[in-house]
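Novice: Sharing a structure here in structure tokens format.
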Amino acid sequence: MRIKLTSMGTLGSAAALALAISCLAAAQQQPPRPGAPAEEVYKNIKVLKGVPNEQITSGMRVIARDLGVTCEYCHDEMDRAKDELKPKETARAMITMVREINKNNFEGKTEVTCVTCHNGHPIPANVPTLPPFSVAYIGPGDEVKPPTLPTADQVLTKYVQELGGEQNLRKVNSMVITGTRQNYAPGHSAALPPVSMEQYSKAPNLAVTITRAANGATSNGFDGTAAWTQNAQGRVNQLAGPAANRAKRDADFYPALNMKQTYQSLTVTAIEKIGDREAYVVAAVPQNENPESFYFDTQSGLLLRHQFTATTVFGDIPYATDYENYRDAGNGVKVPFTIHIVGPSRPDCANITIDKVQLNASIDNGKFAKPAPKP
């Protein structure tokens with residue numbers, strides 16, 4: 001996902017299933033053929049045979065999130081394929097158990113997942129919790145009346161105005177953003193050192209983000225037709241399905257102006273809180289995909305959060321990107337200079353700080369082309 005002049009793109013989320021440092025990077029073999037099963041790409045696959053290789057990394061992050069752990073809880077840090085840690089064998093047994101439960105009780109649908117029992121804890125609770133000491137009673141006359149909601153058109157019109165207005169937005173046709181990204185794992189105080197990142201975007205739909213860590217650079221982009229990622233080892237993947245569609249939406253240089261064309265329907269559904277701010281929730285439904293949610297500040301009109309759910313064989317994966325610190329980047333156009341990405345596990349979770357925004361920069365289209373794999 002991207003930070004563009006309209007700030008609707010979410011840096012890191014477009015390719016969230018394939019970005020940055022994979023939990024299984026050390027176990028990768030030669031570049032896979034599209035749709036290849038996991039056992040053709042990763043070493044020592046035992047219970048996930050037949051699962052598309054593209055879903056393995058995201059699946060591992062789902063498990064890490066559901067148990068509240070990091071990759072190293074089950075995997076050797078230097079060689080992910082090793083079987084020396086007992087939790088790895090336990091995880092295999094649990095995956096088999098969950099599959100059998102879904103097969104025998106839910107017609108094979110993914111209804112039961114790790115979070116069903118674990119809910120963020122390595123050892124699931126087996127004793128019910130007591131209710132609170134007191135429960136507020138709501139009697140006649142205490143009912144809360146639903147608020148009057150604006151239309152989606154009204155919310156988007158205010159959003160565009162607060163960003164600088166359509167006229168100013170369209171005066172910008174390219175952007176270079178530089179800053180830092182610091183990955184972290186939810187529920188853990190330790191965080192990796194911040195790394196430099198740069199993002200290039202150009203109208204109508206060219207985009208590339210490069211993150212430079214100590215172990216090498218990772219990148220993800222959209223070249224106007226295809227979405228791709230490249231990891232620190234030089235392996236290049238072309239995204240497909242919903243992940244590619246999200247990358248295409250994120251590469252739109254004017255997403256705030258094009259939302260009504262991008263989504264099949266836009267509906268204001270509720271008012272919810274994001275931190276200490278109240279926000280209008282706009283349900284945005286892409287064609288044949290999971291609905292997404294956009295949260296717009298009821299006071300400022302600016303976008304506070306973009307949230308979506310990715311579906312995998314391991315269960316649904318929620319992702320969210322929060323925006324703060326909107327500032328004038330030039331030409332009267334506002335851009336969020338602080339971004340928080342929340343996903344199932346590291347590296348899907350990150351805090352991004354923007355240092356510099358350059359508008360209408362000269363960018364060669366070759367910058368966005370899918371790179372050749374490194375030898």
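Novice: What spacing in nm lies between the two simple spin-label points modelled at HIS340 and ASN173, each 7 Å away from Cα in the Cβ direction?
Specialist: With each label point 7 Å from Cα toward Cβ, the separation is 3.8 nm.
Novice: Please compare each pair in LYS248/LYS273; LYS46/LYS374; LYS171/LYS374; LYS88/LYS370; LYS86/LYS109; LYS103/LYS374 to a cut-off of 32 Å on the Cα-Cα distance and tell me which ones are over it.
Specialist: The answer is LYS171/LYS374; LYS88/LYS370; LYS103/LYS374.
Novice: Oh, and also: Any idea how far the Cα center of segment 261-290 sits from the one of segment 38-83, in Å?
Specialist: What the calculation gives is 33 Å, centre to centre.
Novice: What's the extension gain from THR225 to SER196 if we count 0.36 nm per residue and subtract their Cα-Cα distance?
Specialist: Extra length from THR225 to SER196 when fully extended: 7.7 nm.
Novice: Skip the ligands, DNA and RNA, and give the accessible area per residue of segment 215-360 with a 1.4 Å probe, whole Å². The partial results should precede the final answer.
Specialist: Values: 5810 Å² over 146 residues.
Accessible area per residue: 40 Å².
Novice: Give the calculated FRET efficiency between LYS260 and ASN331 to the nearest 0.05, with a Förster radius of 30 Å applied to their Cβ-Cβ distance.
Specialist: Once the sixth-power term is evaluated, E becomes 0.80.
Novice: Going by accessible area, probe 1.4 Å, with all protein chains left in place, what is the ranking of ARG65, ARG92, ARG212, largest first?
Specialist: Order by accessible area, largest first: ARG212, ARG65, ARG92.
Novice: What is the local net charge at THR309, summed over the other residues whose Cβ is closer than 12 Å to its Cβ (Lys, Arg +1; Asp, Glu -1)?
Specialist: Within the 12 Å Cβ shell, the charges total -2.
Novice: Between ASP276 and GLU40, how many nm apart are label points set 7 Å from Cα along the C-beta direction?
Specialist: 5.4
Novice: Got a sec? Which residues in segment 42-62 would a label at ASP79 touch, if it sits 7 Å along Cα→Cβ and we count backbone N under 12 Å?
Specialist: Answer for this model: 44.
Novice: Multiplying the sequence separation of ALA361 and GLN154 by 0.36 nm and subtracting their Cα-Cα distance, what value in nm do you get?
Specialist: Between ALA361 and GLN154, full extension yields an extra 71.3 nm.
Novice: How would you order 95-107, 225-237 from highest to lowest mean count of nearby Cβ atoms within 10 Å?
Specialist: Working: 95-107: 12.8, 225-237: 18.6.
Ranking the peptides 95-107, 225-237 by packing returns 225-237, 95-107.
Novice: Separate question: Multiplying the sequence separation of VAL236 and LYS145 by 0.36 nm and subtracting their Cα-Cα distance, what value in nm do you get?
Specialist: 27.5 nm
Novice: A follow-up question, please. What distance in nm separates the simple spin-label points at LYS109 and LYS374, each placed 7 Å from Cα in the Cβ direction?
Specialist: 4.5
The values are calculated or read from the model by the stated rules, or taken from the named source; none is laboratory data. From a predicted model like this one, the values you see are computed outputs, not experimental measurements. Neighbour counts run over all protein chains shown; Cβ positions are idealised from the backbone, glycine included. With ligands, DNA and RNA removed, areas are computed over all heavy atoms of the protein, side chains included. Shrake-Rupley method; radii C 1.70, N 1.55, O 1.52, S 1.80 Å.
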